[in-house]
Amino acid sequence: MADNELIALFQAIGLKEQRAKETVKNKKLALNLQNTISEAGITQSGCDKSVGDLLYTLASTVNKGASTHLGYLARAISDNRLNSSEQVAVAIKFAETTNEGINDEEFNRACGVGVVVTPDQITAAIAKHLEANKDALISERYKLLGPLLAQARQIPELRWANGVAVKNELEKQVIAIIGPKDERDVIVKGKKKDKESKSTSISNQKIPTESKTNSNMFFEGELSKLHKPGGNKQIKPELMEKHLKETGGKVLTRFPPEPNAEEERYFDSILEAVEWLGFKPWKVTYSSDYFDKLHELAIELIKRDKAYVCSCTPEEMHTMRGGDSGGERKECVHRNRPVEESLVEFQKMKEGRYKESEVTLRMKMDMQSGNPQFWDLVAYRVLYTPHHRTGDKWCIYPTYDYTHCLCDSFENITHSLCTLEFRMSRESYYWLCDALEVYKPVQFEYNRLQINNTIMSKRKILKLVTEGYVKGWDDPRLYTLPALRRRGVPPEAINGFVQDLGVTTSNSTIQVPRFEKYVRDYLDAHVPRLMIIIDPIKIIIENLPDDYVEELTVPFKPKDSSMGEHTVPFSRIVYIDKSDFREQDSPDYFRLAVDAEGNIQHLVCRYENGPGVKKPKTYIQWVAESSRHSSPVRLHEARIYNNLFNSENPTAHPNGFLADINSNSLEVATGSLAEVGLHEVVSRKTKNDYESVRFQAIRVGYFCLDKDSVIEEPHSKANQLVLNRIVTLKEDPKK
């Protein structure tokens with residue numbers, strides 16, 4: 001079928017146009033889905049979206065072992081025997097273990113066909129479950145919600161119940177027992193504790209107990225469907241036996257930044273960001289640790305006639321893979337050379353007897369596969385660039401496609417997690433492990449976290465950096481973790497945001513305000529309040545003497561004595577923000593206004609305090625002048641950050657994403673003033689963690705200290721304080 005015909009076919013089963021187009025681009029998935037629709041017998045008629053979604057799930061998750069029964073599984077969906085993604089997943093596993101024809105009775109029993117769980121049955125089962133765990137629930141409150149839901153899904157009576165209905169009923173009954181969330185359920189990052197006794201080992205990292213117990217994301221959604229250790233079939237049973245013996249049945253995963261020789265700084269940055277978020281890697285390993293072992297397995301792969309040395313140029317490879325037009329694919333002329341010949345040539349590669357790009361070692365996969373990641377991928381290249389860890393020991397280096405799965409295998413990874421763009425690599429991942437008969441982890445792909453009004457592509461961000469549109473990878477207008485950190489976004493807010501989003505395999509984009517709400521809510525509960533004047537105008541109070549100074553005790557946060565208090569002066573000269581003064585008064589403007597004309601240099605006002613004074617309609621922030629108190633604190637800069645791009649989807653701009661840049665994404669205010677309480681807040685800074693100095697500028701927004709600040713000593717006039725606005729306040733502009 002032509003692409004336009006496939007798009008129409010996929011839309012006929014309920015896919016939206018954009019998703020249908022994306023599916024067509026994935027050649028393997030498109031072919032699988034076309035065959036699945038055909039086997040279901042609905043090529044001409046189409047179907048309801050609910051059935052179409054299940055057919056799509058089947059086409060995108062069916063494995064090689066179950067593919068021989070694709071027709072049976074597709075018809076089970078179109079006949080409404082399978083009605084949920086959970087049933088489809090179980091059906092695939094059932095088919096994988098069935099070599100002969102499928103027995104209907106056994107299939108129906110294993111997959112819950114015809115089983116109906118009523119709302120009353122769900123209510124009763126959840127009530128019994130919560131009663132058994134009532135004491136723990138009352139003690140741990142919402143920390144226990146995720147584990148309770150995970151356990152509920154293992155209750156035999158609820159095996160085939162609607163997952164959403166189970167979740168809703170559980171949450172409803174939990175609220176009835178302990179009430180809605182309150183301050184007891186706010187996640188507070190505690191001090192570092194002894195990591196041996198106070199951390200929980202999950203995956204390939206040690207996560208602080210607070211993070212683990214408060215996180216539902218490991219027990220809900222896509223992650224809850226992952227296999228338990230030992231549940232992934234191996235080409236040889238003894239491989240799994242050995243794996244379980246070495247791991248003790250624990251879950252092990254990993255995060256591979258995969259930097260090359262020039263990008264060690266990226267690796268360091270990622271490690272620093274992970275630790276800033278509150279996580280400590282269980283172990284840090286490098287692909288280069290395994291270079292010798294990877295080389296040995298490459299030789300073994302050649303000996304098994306699963307790899308060959310190829311002298312084709314990159315351009316010739318591209319042509320043989322169908323070229324830009326996606327034409328006929330052809331095998332390389334070197335593909336069937338004798339094994340011994342490839343062994344000799346590979347040794348020559350290792351000895352440095354070839355130039356870069358002159359030869360490669362390629363895996364002998366399947367050039368006629370519908371999956372481009374199966375078109376004889378390159379395993380080794382010649383490269384005369386010293387490695388940042390092994391120096392010039394090697395002049396041949398393994399590719400990601402070769403290294404990825406084998407390093408996972410060496411490290412006994414149970415779940416190899418990666419983003420959706422690697423979905424097509426799953427087949428080659430499994431192929432290589434089986435070709436060498438080594439332990440095979442399971443690869444699981446999830447969706448990238450996409451946020452509108454920005455870009456997340458490393459290549460595009462690099463362009464922004466190198467061409468000077470932003471001031472580095474940590475420019476606060478970006479959404480890299482270093483950038484969010486510098487902008488002052490607390491790691492706890494990021495963790496809470498991601499936890500509530502969960503892990504999904506569907507493409508979605510999050511609105512910036514949704515993310516900022518988590519940031520604002522956390523800051524509102526955890527940071528002090530100060531008075532800041534961004535654009536000051538001077539006020540002289542004419543009825544006060546020149547030496548008048550009144551000291552006021554002000555809490556750092558009203559109604560929260562734990563944050564302490566500080567003293568601010570009030571004198572004959574004070575400063576307010578120009579936004580709080582208007583020359584022309586209006587009924588809805590409750591600030592300062594006069595009827596004068598021309599540019600205002602300063603205002604002359606009177607101080608009214610005492611019996612009979614009319615109650616003000618609103619309150620504004622101010623900062624007084626007092627040399628004895630070193631007031632005001634003069635700021636070097638206050639940086640106001642806005643969206644870097646004008647539109648929600650910068651890449652959709654007809655002239656490219658650079659044409660969509662917001663010229664007002666950064667506004668810098670100089671001459672801004674702050675009250676003296678800022679001195680104490682700044683003194684709480686630890687080492688070089690400038691961004692940890694966060695506060696609410698009353699009526700202005702949330703700010704943090706930037707690393708460009710120069711701090712000689714506390715209260716010094718030589719200090720040059722630079723502030724970054726983290727987020728705005730959510731406030732009525734007329735207030």
(message) Can you find, among 170, 636, 579, the residue sitting farthest towards the positive end of the charge dipole of the chain, where Lys and Arg contribute +1 and Asp and Glu -1 at Cβ?
(response) 170
(request) Starting from one equal scatterer on each C-alpha and no solvent at all, send me the Debye-based log10 I(q)/I(0) for the stretch 355-492 at q = 0.11, 0.12, 0.18, 0.22 Å⁻¹, two decimals. (result) -0.63, -0.74, -1.12, -1.18
(request) State the extension gain, in nm to one decimal, for the chain segment bounded by residue 127 and residue 384, taking 0.36 nm per residue of separation less the distance between their alpha-carbons. (result) 85.9 nm
(message) Can you list residues from other chains, or at least 5 along the same chain, whose modelled amide H is less than 5 Å from the amide H of residue 706?
(response) 722, 723, 724
(request) Mind grabbing the base-10 log of I(q)/I(0) for the stretch 47-137 at q = 0.14, 0.16, 0.22 Å⁻¹? Debye formula, identical points on the C-alpha positions, no solvent, two decimal places. (result) -0.58, -0.69, -1.00
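Given the pairs 134/172; 228/306; 172/228; 233/283; 134/225; 306/440, which are separated by over 19 angstrom at their Cα positions?
Values: 134/172 14 Å; 228/306 31 Å; 172/228 29 Å; 233/283 26 Å; 134/225 26 Å; 306/440 17 Å.
Listed pairs above 19 Å: 228/306; 172/228; 233/283; 134/225.
At most 15 other Cβ atoms within 10 Å and a DSSP loop assignment: could you name the trypsin sites (Lys or Arg not before Pro) in the stretch 1-78 that fit? Spell out each step's value before the answer.
On the way: sites: 16, 19, 21, 25, 27, 28, 49, 64, 75; in loops: 16, 64.
Here the trypsin sites (Lys or Arg not before Pro) that fit, given the DSSP loop and packing criteria, are 16, 64.
Would you mind working out the magnitude of the charge dipole of the stretch 658-730 relative to its Cα centre, with +1 at each Lys and Arg C-beta and -1 at each Asp and Glu C-beta, to the nearest 20 Debye? Mind showing how you got there, number by number?
Details: 9 positive and 10 negative charges, 50 e Å.
Dipole magnitude for the stretch 658-730 comes out near 240 debye.
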(message) Let's see if you can work this out: charge +1 on each Lys and Arg Cβ, -1 on each Asp and Glu Cβ, no other charges. What is the dipole magnitude of the stretch 342-475 about its Cα centre, in debye to the nearest 20?
(response) 340
(request) Translational diffusion coefficient, Stokes-Einstein: compute it for the chain using the Kirkwood radius over C-alpha pairs as Rh, at 37 °C and 0.692 mPa s, and state it as an integer in µm² s⁻¹. (result) 107
(request) Set Lys and Arg Cβ to +1 and Asp and Glu Cβ to -1, take the dipole of the chain about its Cα centre, and tell me which of 352, 681, 234 lies farthest positive. (result) 234
(request) Measure off, as a whole percent, the carbon and sulfur share of the 1.4 Å-probe accessible area of the chain, all protein chains present. (result) 49
(request) Convert each backbone phi in the stretch 239-244 into a coupling constant with the Karplus relation 6.51 cos²θ - 1.76 cosθ + 1.60 (shift: θ = phi - 60°), then list the ³J(HN,Hα) values in order as whole Hz, x for Gly and Pro. (result) 5, 6, 4, 5, 4, 5
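For the chain, with every protein chain kept in place, what is the accessible area per residue (1.4 Å probe, Å²)?
Numbers: 38820 Å² over 735 residues.
Per-residue accessible area for the chain comes out at 53 Å².
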(message) Compute the helix-to-body angle for 512-526: its Cα long axis versus the longest principal axis of the chain, expressed 0 to 90° and rounded to tens.
(response) 50
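Give me the number: length gained by fully extending residue 233 to residue 466, i.e. 0.36 nm times residue separation minus the C-alpha to C-alpha distance, one decimal in nm. Intermediate values should be presented prior to the final figure.
Numbers: separation 233, 0.36 × 233 = 83.88 nm, distance 4.67 nm.
Here the segment from residue 233 to residue 466 would lengthen by 79.2 nm.
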(message) Give the lysines reachable from residue 614 as a straight Cα distance under 19 Å; neighbours fewer than 8 places away on the same chain don't count.
(response) 735
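For residue 247 and residue 550, compute 0.36 nm times the residue count separating them, minus their Cα-Cα distance, and round to one decimal in nm. Display every interim value, and only then the final one.
Working: separation 303, 0.36 × 303 = 109.08 nm, distance 6.83 nm.
Length gained, residue 247 through residue 550: 102.2 nm.
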(message) With the alpha-carbon atoms as the only input, what is the per residue convex hull volume for the stretch 459-527 in Å³?
(response) 101
(message) Compute the helix-to-body angle for 49-61: its Cα long axis versus the longest principal axis of the chain, expressed 0 to 90° and rounded to tens.
(response) 70
(message) Among 503, 653, 484, which residue has its Cα furthest toward the positive end of the charge dipole of the chain, with +1 on Lys/Arg Cβ and -1 on Asp/Glu Cβ?
(response) 503
(request) Note down the Stokes-Einstein diffusion coefficient of the stretch 90-136 in µm²/s, whole number, using a Kirkwood radius over alpha carbon pairs, 37 °C, and 0.692 mPa s. (result) 246
(request) Averaging over all projection directions, find the projected area of the Cα convex hull of the stretch 419-501 and quote it in nm² with one decimal place. (result) 7.7
(message) Quick check: the angle from helix 491-501's long axis to the longest principal axis of the chain, C-alpha only, nearest 10 degrees?
(response) 50
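Rounded to the nearest 500, what is the 222 nm mean residue ellipticity of the chain from helices alone, with -39500 (n - 2.57) per DSSP H run of 4+ residues and division by all residues?
Numbers: 24 runs with 251 residues, N = 735.
Computed mean residue ellipticity for the chain: -10000 deg cm²/dmol.
The values are calculated or read from the model by the stated rules, or taken from the named source; none is laboratory data. Nothing here was measured: the structure is a model prediction, and the numbers come from that model. Heads up, the Cβs are rebuilt from the backbone with ideal geometry, glycines too, and the neighbour counts pull from every protein chain shown. Quick note on the areas: whole protein, heavy atoms, side chains included, nothing else; ligands and nucleic acids left out. Shrake-Rupley method; radii C 1.70, N 1.55, O 1.52, S 1.80 Å.
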